[in-house]
Amino acid sequence: MADQRPNGLKANKGIELLTWGTPNGVKASILLEELKEAYGKDYTWQGINISQNIQKEPWFTKLGPNGRIPVIVDHDNGGFAVQEGLAILAYLARHYDLDHKFSFTDPLDISRAEQWMAWQHGGLGPMQGQANHFNRAAKERIPYGMQRYTGETERLVGILDNHLKNTDYLVGNKYSIADIASFGWVNALRFSGVDLDAFPNLEAWWVRILARPAVQKGISIPSRSPFGNEAYLQRLKDDKEFADKEHSLMDAIAKAKEQYGYKYASP
């Protein structure tokens, strides 16, 4: 299924998910798997290989004008399409989490969840994405960009770590869409150049969520990313060439921080 190249929608009922295994992509697939387990609500998915620019094709941008995954289409609601991970989480919770297993009824908790989701959408995701770009994708290593965005990711991660000091989850000590919003990014922290071990409260939260069966299924749609924390550590052990390159990269990040006098502080 993941190997087929989509060229349009294939379902005519229920939720259809168009996604790829990125930190943003797994937001939708995790919640859909949770809804499936909790309520028996099935869904259809298609893998959108972003390296092939399928998400830029006219049939896709008609549904998601920004040309990004994930997108869902609710065939039971007139074919209504929703783009952006935050909006998808809110839409699915509002329409299909009828018992509020992953969302809230108290107005203040609703606001708290919205705040953490907005925080991720405007902060952790963009900053960690820029860290990935400057540490890995840029054609040349630019020390200022490396230390700036790796450091800002660490600052944001520190906010999560501090908040989780006396609670198991982000809002109301209850696993919710607020946690799902940030989980995919935290699950790829090591690949981004951030030492998860330095944030023990956050690491415990990550382990706690990763253990959920629906989360395991959700991060495997369309296939499990090789950039997750577990896969990354395993590859360091198994692949000496990869490990050598990673050690070189981490040294470069450390030197960039030293060059610009970076000092960790959060918030």
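Points worth noting:
- Looking only at residues in segment 104-119 that are under 16 Å from Y175 (Cβ atoms) and of a type in the set (A, V, I, L, M, F, W, C), the one that is surrounded by the fewest Cβ atoms within 10 Å (Cβ to Cβ) is I110.
- Considering residues of segment 15-45 that are in contact (Cβ under 8 Å) with a residue 60 or more places away in the chain and polar (S, T, N, Q) only, the residue farthest from P126 (Cα to Cα): S29
- Criterion violated by A211 - all others in (1) in contact with a helix residue (DSSP H, G or I) (Cβ under 7 Å, 6 or more places away or on another chain); (2) among the hydrophobic types (A, V, I, L, M, F, W, C); (3) within 30 Å of E16 (Cβ to Cβ) satisfied: (1)
- Counted as qualifying within segment 183-267 are the helices (runs of 4 or more DSSP H) with 1 or more residues that are buried (at least 17 other Cβ atoms within 10 Å of the Cβ) and more than 21 Å from the chain's Cα centre (by Cα), namely 240-259.
- Verdict on E33 being more than 24 Å from F227 (Cβ to Cβ) and under 20 Å from the mean Cα position of the chain (by Cα): no
- For D168, the test of being within 16 Å of S103 (Cα to Cα) and part of a loop (DSSP other than H, G, I, E, B) is passed.
- Filter pass, Q120 being closer than 26 Å to V194 by Cβ and either in contact with a Pro (Cβ under 8 Å, 6 or more places away or on another chain) or not in a helix (DSSP H, G or I) (or both): no
Each reported figure results from applying straightforward, stated rules to the coordinates on display, with no laboratory input. Please read all numbers here as calculations on a predicted model, not as lab measurements. We place every Cβ from the backbone using ideal geometry, glycine too, and count neighbours over all the protein chains shown.
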